[in-house]
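A.B. asks: Pasting a structure below so you can have a look.
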């Protein structure tokens, strides 16, 4: 029934496809000791991190990269991509003929710990 409702909302609107690219080069993350309870390890630090670009059931993930903890603060670290990684998505946006702008579609970037030993994300 939801798909019927979506189609009714799009009647009379113009659809356009757009391509967006996210280029990952460097990521700084700060953790807390509580993260150890979330499956990150006994010391609360992540092992490897992935960046996920998501909307509803769509997910585009980066490759897992090692976390490099800082010297001053071991809970603050950096993930560096030796070569920038480009993730591309194609999005269909809809526009009412009487409006100047396309309708919003919200995408979210999520940082996830990648568990190397279990090959799963917590």
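The values are calculated or read from the model by the stated rules, or taken from the named source; none is laboratory data. This one's a predicted model, so the numbers in the text were calculated from it and none came from an experiment. All Cβ positions, glycine included, derive from the backbone under ideal geometry; neighbour counts span all protein chains shown.
A.B. asks: So which residues in region 65-102 are closer than 16 Å to residue 10 by Cβ and within 21 Å of the chain's Cα centre (by Cα), if there are any at all?
C.D. replies: 91, 92, 93
Residue by residue, here is whether (1) at pLDDT 75 or above; (2) exposed (fewer than 10 other Cβ atoms within 10 Å of the Cβ); (3) assigned to a strand (DSSP E or B) holds:
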residue: 3; (1), (2), (3): yes, yes, no
residue: 19; (1), (2), (3): yes, yes, yes
residue: 34; (1), (2), (3): no, yes, no
residue: 41; (1), (2), (3): no, no, no
residue: 53; (1), (2), (3): yes, no, yes
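A.B. asks: Then there is this: Does residue 48 satisfy being surrounded by 14 or more Cβ atoms within 10 Å (Cβ to Cβ), modelled with pLDDT under 90 and within 17 Å of the chain's Cα centre (by Cα)?
C.D. replies: Criteria met by residue 48.
A.B. asks: Would you be able to tell me the number of residues in region 56-65 that are surrounded by fewer than 14 Cβ atoms within 10 Å (Cβ to Cβ) and over 11 Å from residue 110 (Cβ atoms)?
C.D. replies: Residues flagged as surrounded by fewer than 14 Cβ atoms within 10 Å (Cβ to Cβ) and over 11 Å from residue 110 (Cβ atoms) within region 56-65 amount to 4.
A.B. asks: For residue 114, state whether it is modelled with pLDDT under 85 and part of a strand (DSSP E or B).
C.D. replies: Taking the combined requirement at face value, the residue satisfies it.
A.B. asks: Residue pairs, Cβ under 8 Å, 6 or more apart or interchain, first in region 1-22 and within 30 Å of residue 111 (Cα to Cα), second at pLDDT 75 or above and part of a helix (DSSP H, G or I). List them.
C.D. replies: none
A.B. asks: State all residues of region 69-90 that are farther than 15 Å from residue 24 by Cβ and at pLDDT below 95; if no residue qualifies, say none.
C.D. replies: Scanning region 69-90 gives 69, 70, 71, 72, 73, 74, 75, 76, 77.
A.B. asks: Go through region 61-100 and report how many residues are closer than 14 Å to residue 16 by Cβ and touching a strand residue (DSSP E or B) at 6+ places or on another chain (Cβ under 7 Å).
C.D. replies: Here the count works out to 7.
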